[in-house]
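Colleague: Got a structure here, written out as structure tokens. Questions coming.
Taken together, the values in this text are just the output of simple stated rules run on the coordinates, not laboratory data. Every value quoted in this text rests on a predicted model; they were computed, and no experiment measured them. Counting neighbours? That spans all protein chains shown, and the Cβs are built from the backbone with ideal geometry, glycine included.
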Amino acid sequence: MTALPAFPDRLLAWFDEHGRKDLPWQQLKDPYRIWVSEIMLQQTQVQTVIPYFERFMRRFPDVVTLANAAQDQVLQHWSGLGYYARARNLHRAAQLIRDEHGGVFPGTLDAVTDLPGIGRSTAGAILSLAFDQRHAILDGNVKRVLARHRAVDGWPGTTSVAKRLWEIAESHTPGERTAAYTQAIMDLGATLCTRSKPGCDRCPVAADCVARSTMSVTEYPGRKPKKVKPLRATTMVIARHDGHVYMERRPEAGIWGGLWSLPEVTSGSVEDWCSERLRTEVADSDSWELLRHSFSHYDLDIQPIVVRVAAPLSKVADSCDATWHRLGDELPGGVAAPVNKLLEKLENVSHD
């Protein structure tokens, strides 16, 4: 019986014929572009990322431009991608690269993992794809491929399972063509070894895939133990006056950190809030239907209350953390998806 070629050899042969080679961040072996793409691709599909990446590169074509930009501008170009800590970490890391590395992306694993928002797998992917260095990676797609191929039981979020998968990843990573191998194993997980309906009949490593041979592909990787997501609730005030809506920048810590938002009322009445915060009275108000937004760990029910207020004191919003935003103008910075939905609805209502 003829021995199978090694795992990386089969994967590379498949990649040469079927791999993705025309993604926008693949056109130049630029560590900056690769880094930005890897951060955007965390928790986000390729097709969703592409237009954001292209727009981001037009505005921030290099690491120094990104470092010198205001955080509002960075978050604005991230609006809609979610997981906004990624954007804040990206901006902070760019400043560290500017200040501590002379504006040149570092070329060692320790230096890259020292940057905010970059873990072992992301650092390995950047150094492999940009510099062809030999580093194993273990993103979500790779975990799925390896867990199925070796039938590794358990949820990869546990220390013991992650350790086993890292050992397998290290053993498979070749010393040559590492960049191509890294892209190949990510592509395999993204295009064939998918979560549901995997294309096992076209997989280059199917012949010795333990999960396939035992007809248990969909059982791997193990699922995270299910917990009932808690439901939280908040009230958002949509205070409007003369074609403007009042907005505030959220604190750096917590959800939507650093983004511009409609203010939340956590206690007392909306009328009292307007009196205390805006120093004005409510002329009339209207409750819109609840808007539910899902986070990874909980669901949030937002109760929007639209209030038309008398002329507010101008000094209330004359700061870097609050503004009376004119509807239809460019937003002052990044906004979260549900806030953007409410602003779009307000603008449509105002035009009726």
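Colleague: Could you sort out which of LYS226/LYS341; LYS163/LYS227; LYS143/LYS197; LYS143/LYS226 sit more than 22 Å apart by Cα distance in this structure?
Modeller: Violating the 22 Å limit, Cα to Cα: LYS226/LYS341; LYS163/LYS227.
Colleague: Taking the Cα centre of each part, how many Å lie between the range 154-208 and the range 219-246?
Modeller: A separation of 33 Å, based on Cα centres.
Colleague: Related question: If we count other beta carbons within 10 Å of each Cβ, what is the order of LEU66, LEU109, LEU343, fewest first?
Modeller: Ascending number of Cβ neighbours within 10 Å: LEU109, LEU343, LEU66.
Colleague: GNM on the chain, C-alpha springs below 10 Å: top fluctuator among GLN47, GLN76, GLN183?
Modeller: GLN47
Colleague: Using helices alone, what [θ] at 222 nm do you get for the chain, with -39,500 (n - 2.57) per DSSP H run of 4 or more residues, divided over all residues and rounded to the nearest 500?
Modeller: -12000 deg cm²/dmol
Colleague: Then there is this: Using the Kirkwood radius over Cα pairs, work out the Stokes-Einstein diffusion coefficient for the chain at 25 °C and 0.890 mPa s, in µm²/s as a whole number.
Modeller: Here the translational diffusion coefficient equals 107 µm²/s.
Colleague: Something else now. Hey, got a sec? Which trypsin sites (Lys or Arg not before Pro) in the range 179-228 land in a DSSP loop and have at most 16 other Cβ atoms within 10 Å?
Modeller: When the trypsin sites (Lys or Arg not before Pro) of the range 179-228 are filtered for loop state and at most 16 Cβ neighbours within 10 Å, ARG195, ARG223, LYS226, LYS227 remain.
Colleague: Kindly identify the range 174-242 as rounded, prolate or oblate by the Cα gyration tensor criterion: order the square roots of the eigenvalues as a ≥ b ≥ c, call it rounded if a/c is under 1.5, otherwise compare a/b with b/c, prolate if a/b is larger, else oblate.
Modeller: Taking the square roots of the gyration eigenvalues as a ≥ b ≥ c, the range 174-242 is prolate.
Colleague: Is the range 231-351 rounded, prolate or oblate when judged by the Cα gyration tensor, a ≥ b ≥ c being the square roots of its eigenvalues, rounded requiring a/c under 1.5 and prolate requiring a/b larger than b/c?
Modeller: Rounded, because the longest to shortest axis ratio a/c is under 1.5.
Colleague: Can you give the convex hull volume of the alpha carbon atoms of the range 13-108 per residue, in Å³?
Modeller: Cα-based convex hull of the range 13-108, divided per residue, equals 111 Å³.
Colleague: Among LEU146, LEU290, which comes first, then next, by fewest other beta-carbon atoms within 10 Å?
Modeller: LEU290, LEU146
Colleague: Sort HIS293, HIS135 so that the residue with the fewest other Cβ atoms within 10 Å of its own Cβ comes first and the one with the most comes last.
Modeller: Least crowded to most crowded, the residues run HIS293, HIS135.
Colleague: For the chain, modelled as a GNM with alpha-carbon contacts under 10 angstrom, which of GLY258, GLY328, GLY140 fluctuates the most?
Modeller: Result for the chain, Cα springs under 10 Å: GLY328 fluctuates most.
Colleague: Please list the radius of gyration and Dmax for the range 66-131, considering alpha-carbon atoms only, with Å as the unit.
Modeller: Radius of gyration, then largest Cα-Cα span, for the range 66-131: 12.2, 32 Å.
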